[in-house]
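*Asks:* Below: one structure in structure tokens.
Values in this text are rule-based calculations from the coordinates and carry no lab data. The structure presented is a predicted model; accordingly, all values stated were derived computationally and were not measured. Note that we place each Cβ from the backbone using ideal geometry, even for glycine, and neighbour counts take in every protein chain shown.
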Amino acid sequence: MAYTVGDTIAERTVHLTRESLVRYAGASGDFNPIHYRDDIAASVGLPGVLAHGMLTMGIGSSVVLAALEPGARILDYGVRFTRPVVVDAENGADVHVIATVGAVDDTATRIDLKVTSADITVLAKAQLRVAV
């Protein structure tokens, strides 16, 4: 597939619930109670129970992977965590991802991600390089 700088290749909103966090904890082995207990999160000064950073990062890359042709390879992926995703006990939280083409060269395409929750950027400098 030919990519053009500026093109949006994917956009998706993923809804997280507390159950999502528990399932991710089981899959990842990260059972830090800030990811499922309000009292612990509050005791360490957090605004509430937080989604795992790697879950948020994984959501970003999964949006891109779903949009790529079969056999495409991610060469590298990096992000800077800027704000946590607070997952409310009743309403959960939405993570919104927009993937746009940031650069194209002979060997790879850079995909830039805008990842937000509650209209706040939660991942900055989120970029994947994909083999062409």
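Each row is one residue, and each column tells you yes or no for (1) over 27 Å from residue 5 (Cα atoms); (2) basic (Lys, Arg); (3) in a loop (DSSP other than H, G, I, E, B); (4) in contact with a Ser or Thr (Cβ under 7 Å, 6 or more places away or on another chain).
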position	(1), (2), (3), (4)
63	no, no, no, no
71	no, no, yes, no
76	no, no, no, no
90	yes, no, yes, no
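*Asks:* Could you please give the count of residues in segment 28-63 that are surrounded by 19 or more Cβ atoms within 10 Å (Cβ to Cβ), of a type in the set (A, V, I, L, M) and within 24 Å of residue 12 (Cβ to Cβ)?
*Replies:* 7
*Asks:* If you don't mind, there's one more thing I want to ask. Could you give every pair whose Cβ atoms fall below 9 Å, whose first residue belongs to segment 1-23 and is farther than 12 Å from residue 98 by Cα and without any contact (Cβ under 8 Å) to a residue 12 or more places away in the chain, and whose second residue is among the β-branched types (Val, Ile, Thr) and part of a strand (DSSP E or B), counting only separations of at least 6 or pairs across chains?
*Replies:* 2/104
*Asks:* Surrounded by 15 or more Cβ atoms within 10 Å (Cβ to Cβ) and not β-branched (Val, Ile, Thr): which single residue out of 73, 83 fits that description?
*Replies:* Answer to the check: 83.
*Asks:* I've got another one for you. Just need a number here: residues in segment 107-126 that are within 16 Å of the chain's Cα centre (by Cα) and either of a type in the set (Val, Ile, Thr) or buried (at least 18 other Cβ atoms within 10 Å of the Cβ) (or both).
*Replies:* The qualifying residues number 10.
*Asks:* Next question. Pick out the one residue from 89, 66 that is without any contact (Cβ under 8 Å) to a residue 60 or more places away in the chain, loosely packed, with under 13 Cβ neighbours inside 10 Å and among the hydrophobic types (A, V, I, L, M, F, W, C).
*Replies:* Result: 66 is the single residue among 89, 66 that is without any contact (Cβ under 8 Å) to a residue 60 or more places away in the chain, loosely packed, with under 13 Cβ neighbours inside 10 Å and among the hydrophobic types (A, V, I, L, M, F, W, C).
*Asks:* Right, next: Working only within segment 24-61, note down all residues that are among the hydroxyl-bearing types (Ser, Thr, Tyr), free of Cβ contacts under 8 Å to residues at least 40 places away in the same chain and not in a loop (DSSP other than H, G, I, E, B).
*Replies:* 24, 28, 43
*Asks:* Please give the number of the condition residue 111 fails out of (1) in contact (Cβ under 8 Å) with a residue 24 or more places away in the chain; (2) under 19 Å from residue 21 (Cα atoms).
*Replies:* Evaluating residue 111 over (1) in contact (Cβ under 8 Å) with a residue 24 or more places away in the chain; (2) under 19 Å from residue 21 (Cα atoms) leaves (2) as the failure.
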